[in-house]
Amino acid sequence: MRQRWIAKGQKRIEASRHGRRVRANGQEIQKRVTALEKEIAELETREKELTAELEKPETYTTGGRATQINRELMEVHERLAVANAAWETAGTELAQFEAEASAT
């Protein structure tokens with residue numbers, strides 16, 4: 001009888017540990033999604049700033065300034081593509097995690 005009680009207690013402890021690991025995993029994915037959303041917003045803001053700079057006539061009066069802005073704009077586009085792909089992946093992971101969590 002005592003062993004059965006100990007076994008049930010051990011199962012509860014293991015279930016509790018498992019639950020904490022699952023919640024921590026979900027929180028980690030959510031943090032990643034949030035960080036990527038922040039990065040994407042910052043990159044989009046920088047993209048708008050650079051585009052606005054290219055629209056100004058005075059940008060073209062300073063030698064090489066337009067080229068420098070275009071290079072940075074290309075880099076921002078590349079980083080944005082990578083961040084968006086990572087965000088989509090993390091969002092899919094989060095959706096799967098939430099679906100699995102609600103199923104149990």
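The values are calculated or read from the model by the stated rules, or taken from the named source; none is laboratory data. It should be emphasised that the depicted structure is a prediction, and the values quoted were computed from it without experimental measurement. No Cβ is skipped: glycine too gets one built from the backbone with ideal geometry, and neighbour counts run over all protein chains shown. What goes into the accessible areas is simple: the full protein's heavy atoms, side chains included, and nothing from ligands, DNA or RNA. Shrake-Rupley method; radii C 1.70, N 1.55, O 1.52, S 1.80 Å.
Quickly run through segment 74-88 and pick out the residues that are open to solvent by 80 Å² or more (accessible area, probe 1.4 Å) and either within 22 Å of LYS31 (Cβ to Cβ) or more than 20 Å from the chain's Cα centre (by Cα) (or both).
Answer for segment 74-88, where residues must be open to solvent by 80 Å² or more (accessible area, probe 1.4 Å) and either within 22 Å of LYS31 (Cβ to Cβ) or more than 20 Å from the chain's Cα centre (by Cα) (or both): MET74, ARG79, VAL82, TRP87, GLU88.
Quick test for you: out of ALA101, ALA24, ALA15, pick the one residue that is in a helix (DSSP H, G or I) and either surrounded by 11 or more Cβ atoms within 10 Å (Cβ to Cβ) or modelled with pLDDT of 85 or more (or both).
Being in a helix (DSSP H, G or I) and either surrounded by 11 or more Cβ atoms within 10 Å (Cβ to Cβ) or modelled with pLDDT of 85 or more (or both) holds for just one of ALA101, ALA24, ALA15, which is ALA101.
Condition check ((1) open to solvent by less than 50 Å² (accessible area, probe 1.4 Å); (2) β-branched (Val, Ile, Thr); (3) in contact with a helix residue (DSSP H, G or I) (Cβ under 9 Å, 6 or more places away or on another chain); (4) modelled with pLDDT of 95 or more) across all residues:
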| position | (1), (2), (3), (4) |
| --- | --- |
| GLN3 | no, no, no, no |
| ILE29 | yes, yes, yes, no |
| ILE40 | yes, yes, yes, yes |
| THR45 | no, yes, no, yes |
| LYS48 | no, no, no, yes |
| GLU72 | no, no, yes, yes |
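Looking at GLU93 and the list (1) modelled with pLDDT of 95 or more; (2) of a type in the set (D, E, K, R); (3) surrounded by 14 or more Cβ atoms within 10 Å (Cβ to Cβ), which single condition is not satisfied?
Just one mismatch for GLU93, condition (1).
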